[in-house]
Amino acid sequence: MDSDIDANTLLEKVTESQQNIESLAYIETLTMYIGNETRTVEYDVRLKKPDKFRRIERSGSFTHSEIVSNGEEIRIYDPIKNVVLIRNQTPSEKIPEPAIYTFMTNITEKYTIEDPEMESINSTQVYRVKLIPHELDNGSAREYLVWIDSNNLIPLKLQSYYEGNLVLSLEYRNYSINSITNDDEFSFTVPYGASEVYI
């Protein structure tokens, strides 16, 4: 842990650590703040490069969907209709990754990055980085706060602000890096009574 690291060096190291990940398991919680309402969706994700993944979408105890790829076929289960949609996986398809990874790609092109400060989240030492858009007069411009685990350089949390108001947050927990060795994680058992539809 380097408390004197500058922001650009930190983000370069984060990008490098992402490139070395071959398999990943995590839970991603997306919370949207709309007026006086708060909506939360949780994604339980397992992935293994180059083409295997499992992604379960939940709100509370309710499961909205489950998507599984064994590298050849993608199965999409709708528990409300009790239907499994099956299609071939195309070579160009990307496997899911934490939304925060996509956000942080080429981030310096759009944002000024303040040097990180040290904080603690649930006893984990983290870097807190503030991102300010280059074009502050842009009506859609948002500011961001990002918290990055100082030990393994994994982004743990992101908050998005518009005109000073919190509008979105992403939080990550139960990270497991390069620990998936069994491809059985990406097999799918058709639930009882479910119909299968090839598309």
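The values are calculated or read from the model by the stated rules, or taken from the named source; none is laboratory data. Since this is a predicted model, take the numbers as computed values, not measurements. Methodologically, a virtual Cβ is constructed for each residue, glycine included, from the backbone with ideal geometry; neighbour enumeration extends over all protein chains shown.
Got at least one residue in segment 84-97 being among the aliphatic types (A, V, I, L, M), in contact (Cβ under 8 Å) with a residue 12 or more places away in the chain and more than 22 Å from Asp51 (Cβ to Cβ)?
No, there is no match, as no residue in segment 84-97 is among the aliphatic types (A, V, I, L, M), in contact (Cβ under 8 Å) with a residue 12 or more places away in the chain and more than 22 Å from Asp51 (Cβ to Cβ).
May I ask you to list the residues in segment 157-182 that are farther than 30 Å from Asp51 by Cα, surrounded by 11 or more Cβ atoms within 10 Å (Cβ to Cβ) and of a type outside the set (S, T, N, Q)?
Across segment 157-182, the qualifying residues are Tyr161, Tyr162, Leu166, Val167.
A quick yes/no check of all residues on (1) of a type in the set (S, T, N, Q); (2) within 23 Å of Ile5 (Cβ to Cβ); (3) without any contact (Cβ under 8 Å) to a residue 60 or more places away in the chain; (4) in contact with a Lys or Arg (Cβ under 7 Å, 6 or more places away or on another chain):
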| site | (1), (2), (3), (4) |
| --- | --- |
| Thr112 | yes, yes, yes, no |
| Arg142 | no, no, yes, no |
| Leu153 | no, yes, no, yes |
| Lys157 | no, yes, yes, no |
| Gly164 | no, no, yes, no |
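Taking Lys130, is it basic (Lys, Arg), surrounded by fewer than 16 Cβ atoms within 10 Å (Cβ to Cβ) and on the phi < 0 side of the Ramachandran plot?
Criteria not met by Lys130.
So which of Ser150, Ser160, Ser65 ends up being under 21 Å from the mean Cα position of the chain (by Cα), more than 21 Å from Val41 (Cα to Cα) and among the hydroxyl-bearing types (Ser, Thr, Tyr)?
Going through Ser150, Ser160, Ser65 in turn, just one is under 21 Å from the mean Cα position of the chain (by Cα), more than 21 Å from Val41 (Cα to Cα) and among the hydroxyl-bearing types (Ser, Thr, Tyr): Ser150.
Take the residues in segment 71-127 that are in a strand (DSSP E or B) and of a type in the set (Phe, Trp, Tyr), then tell me which one is modelled with the highest pLDDT.
Selected residue: Tyr77.
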